[in-house]
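Working notes for the structure below.
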Amino acid sequence: MAKCPICGKPASPAHRPFCSARCKQIDLNRWLSEVYRVPAETPPSEDDDKSSD
Ligand SMILES: [Zn+2]
């Protein structure tokens with residue numbers, strides 16, 4: 001029996017691989033925060049070149 005990756009309880013067949021809809025939501029939120037946490041890549045060379053006079 002698989003365990004819920006969020007809380008470690010036995011997974012529910014209705015919410016696999018999670019134990020409940022709540023843990024499923026928590027995992028989704030984690031995943032979304034990971035996506036939105038990606039830092040905006042700003043090329044430093046170009047900006048530095050323009051600012052120099
Ligand atoms: Zn859980």
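The values are calculated or read from the model by the stated rules, or taken from the named source; none is laboratory data. This is a predicted model, so every value here is computed, not measured. In this analysis, Cβ positions are derived from the backbone assuming ideal geometry, glycine residues included, and neighbour counts consider all displayed protein chains.
Can you confirm whether the range 17-36 contains a residue that is modelled with pLDDT of 70 or more, outside any helix (DSSP H, G or I), over 23 Å from the mean Cα position of the chain (by Cα) and of a type outside the set (F, W, Y)? If you could, list the steps in order and put the result at the bottom.
Narrowing the range 17-36 to residues modelled with pLDDT of 70 or more: 17-36.
In the following step, the residues that additionally are outside any helix (DSSP H, G or I) were identified as 17-20.
Remaining after also requiring over 23 Å from the mean Cα position of the chain (by Cα): none.
Among the residues of the range 17-36, not one is modelled with pLDDT of 70 or more, outside any helix (DSSP H, G or I), over 23 Å from the mean Cα position of the chain (by Cα) and of a type outside the set (F, W, Y), which makes the answer no.
Those residues that are more than 8 Å from the ligand (Cβ to nearest atom) and over 17 Å from M1 (Cα atoms), I need them from the range 11-23; list them, please. Matches in the range 11-23: A21 only.
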